[in-house]
Amino acid sequence: MSSILVYFQGLNMTAEPSLVNAERLKELRGAVHTFLQESSVYSKIRDIVDSYVAENPGDSLDPTSSADVMKIIREKGVVQDLLDRLRGEKCLSDTRISNAAHAWNFIPGEYYLHLRLAGGKAFVENLDLTPSFTKDYLMYVAVHFGSQRYRSTSEKVSVDPSFRDEFLIDLDYKSFGSCAADLIEISTPLHIAVFREERLLTHAKMLGENVVDWRRVLRTGYLGLTVELCGDNPGIPAGILELQLELLPNKAPRFSEENVASRIDLQRSAITSADREFLLYARRWWMEFQEIRPIHKQRRVKVFASTSNGRMVPTTHFVSVLRPEKGIDTPFEAARFVSLISVTDEDELTQEVLLGGLGNSNPTNCWLSMFTFLSQRRGEPCNHA
């Protein structure tokens, strides 16, 4: 069992070996060994290897080979289960610490949105999945707010997943003004989605999503929400998420319900007006484009595209600027990064259906947002472009 021991030691020891003395290294080895014993990992690996040898008598597997053993336990999801357990324990520990202290480390003058997941239910798509399919997949919640992205701890695939995570979102009101009263001007929506992810972390599929206007919390400082998620079937909720929003610190200004509603309506009217103006501009441009050459009348130019929730928007809506802190410095490196994200093809979707999944009923009629595209780690050629 030395292979699994070395693997988890490698996950926890990111520093150079020279920076860890022999005594500290021995303590870490002992801690990992104790955790694996208490988690019954050793006995589970023995059972998996014995079952594999019994079921595949003609296989060239060497039970004494660390590489062969690691390959089997990865396929069975043992490593991912342990990682999720470690993340869950860390999240629970952090939650207990924060609850005991009754305080967050706030930056003076800044305001935050405390988002708490209170569970999910009615993910009916998971009802039709076969057990052989669900054992290879996990579910998680992803949250997007401006330039901030968060994800929850992975849960087993079920109809009523027990999501229990907390996120602290920074509300950058200073780009709209200089005082806290400008919090109401922040029109950035809260984008929430639930994904079903393969245990080997190769790709994921979005089960449902929704966009929430968080500013209703400005009225009382606390808000409980039941959010219905939109999936592949329009008009039919893909699932439900229970959310709790809290504005921190508590001294943040409050706004009346009329002020919040009027501000939201005003900004929605501005968006509708901008969409109408762009439509008129696009029609004018298309007529001028066709008049340039006769062959232009036969060209197909994608000006509008449908989002995953059915809204038609200009294709420029899907263009986003990514500003990585390191690792991507040239156009060649950017192209290399995009090429690492797989392209969804029919063979891949067919394989999901054969394994008991539902595939994706209509993948080519909508364009994915950058948030969804990166979370799924796959998409259509239009997303890669």
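The values are calculated or read from the model by the stated rules, or taken from the named source; none is laboratory data. Because the structure is a prediction, the values reported are computed rather than measured. Methodologically, a virtual Cβ is constructed for each residue, glycine included, from the backbone with ideal geometry; neighbour enumeration extends over all protein chains shown.
Quick one: in segment 164-223, which of the residues that are of a type in the set (Lys, Arg) and closer than 29 Å to Ser262 by Cβ is surrounded by the fewest Cβ atoms within 10 Å (Cβ to Cβ)? In this case the residue turns out to be Lys174. Within segment 350-366, does at least one residue satisfy the condition of being modelled with pLDDT of 85 or more, among the hydroxyl-bearing types (Ser, Thr, Tyr) and either surrounded by 10 or more Cβ atoms within 10 Å (Cβ to Cβ) or outside the structural domain of Met139 (by TED's automatic domain parsing) (or both)? Looking through segment 350-366, none of the residues is modelled with pLDDT of 85 or more, among the hydroxyl-bearing types (Ser, Thr, Tyr) and either surrounded by 10 or more Cβ atoms within 10 Å (Cβ to Cβ) or outside the structural domain of Met139 (by TED's automatic domain parsing) (or both).
This table checks each residue for (1) in contact with a Pro (Cβ under 8 Å, 6 or more places away or on another chain); (2) free of Cβ contacts under 8 Å to residues at least 24 places away in the same chain; (3) in a helix (DSSP H, G or I).
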position	(1), (2), (3)
Ser132	no, no, yes
Arg149	no, no, no
Ile169	no, no, no
Lys205	no, no, no
Leu223	no, yes, no
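Screening the candidates Gly231, Gly235 for the property of being at pLDDT below 90, buried (at least 20 other Cβ atoms within 10 Å of the Cβ) and either touching a helix residue (DSSP H, G or I) at 6+ places or on another chain (Cβ under 6 Å) or under 28 Å from Trp367 (Cα atoms) (or both) yields one hit, Gly231. Among the residues of segment 101-138, count how many are buried (at least 19 other Cβ atoms within 10 Å of the Cβ), under 30 Å from Ser187 (Cα atoms) and either touching a Ser or Thr at 6+ places or on another chain (Cβ under 7 Å) or of a type in the set (Asp, Glu) (or both). Residues meeting the conditions: 1. Scanning segment 246-253 turns up no residue that is part of a helix (DSSP H, G or I) and exposed (fewer than 15 other Cβ atoms within 10 Å of the Cβ).
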